[in-house]
Amino acid sequence: MTRLTRRTPIGSEGARTMGWLGRIARLDFTVFDELRSDRSATPVAVVIVLAASVLAGIGTLLWALQHENFGGHHNVDVMEVFLKAVIIGSIVQTGVWFAWVYITYMLAARIFGSAVHFGELTRVMGFAFAPVALSLLIAIAPLAVPFGLLAFGITLMLTTAAVERAAEIEQRQAMLSTLGGF
């Protein structure tokens with residue numbers, strides 16, 4: 001008699017990720033407790049950061065295409081803006097994000113005495129970075145600044161909540177760690 005093995009359905013990781021993101025959107029900050037301890041969420045968190053960065057870059061590209069005098073040039077070189085805003089910008093932003101996580105980690109651990117690990121902050125801060133994807137909406141030129149500020153503000157709020165939960169520090173300390181890392 002053969003033993004049946006349980007297979008993970010295709011897309012179950014995607015459904016799990018969407019569940020986590022949905023809870024974050026509903027401001028259910030207990031999700032950060034789960035993410036903190038789930039090591040399998042680390043690559044997903046990094047992909048979220050990269051994907052949000054790509055969407056922000058696409059928003060920048062679409063915004064630039066609407067402006068004839070972008071960068072002092074009358075004709076926008078689409079490939080140049082694509083390369084700089086989407087490709088290079090996404091890679092650089094992801095690298096800078098890792099530096100932000102590291103500095104936040106150091107501040108939370110060294111200044112506020114948290115026992116949080118770098119990987120834990122990587123996971124929770126990665127998921128909290130998802131609202132940067134709203135920067136795609138800066139393509140709507142008249143609302144570019146409000147959408148950019150909205151994406152930044154929501155990301156800062158969620159990141160502070162994520163750091164507070166993961167590092168088990170007070171909200172004020174989490175805000176100082178987050179801003180200090182930023």
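Only the coordinates and a few stated rules stand behind these numbers; no lab work does. Please read these numbers as outputs of a predicted model, since none were measured by experiment. Counting neighbours? That spans all protein chains shown, and the Cβs are built from the backbone with ideal geometry, glycine included.
The table that follows gives values for the structure above.
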quantity	calculated
Subset of segment 27-58 that is farther than 14 Å from T17 by Cα, in a helix (DSSP H, G or I) and among the aliphatic types (A, V, I, L, M) - its residue that is nearest to the chain's Cα centre (by Cα)	A52
Within segment 103-150, tally of residues that are under 24 Å from G14 (Cβ atoms) and outside any helix (DSSP H, G or I)	1
Qualifying positions in segment 101-150 - surrounded by 23 or more Cβ atoms within 10 Å (Cβ to Cβ) and of a type in the set (K, R)	R123
Answer from V86, V124 - the residue that is more than 20 Å from L150 (Cβ to Cβ), touching a helix residue (DSSP H, G or I) at 6+ places or on another chain (Cβ under 8 Å) and without any contact (Cβ under 8 Å) to a residue 60 or more places away in the chain	V86
Tally of residues being in a helix (DSSP H, G or I) and surrounded by fewer than 24 Cβ atoms within 10 Å (Cβ to Cβ) across segment 166-182	8
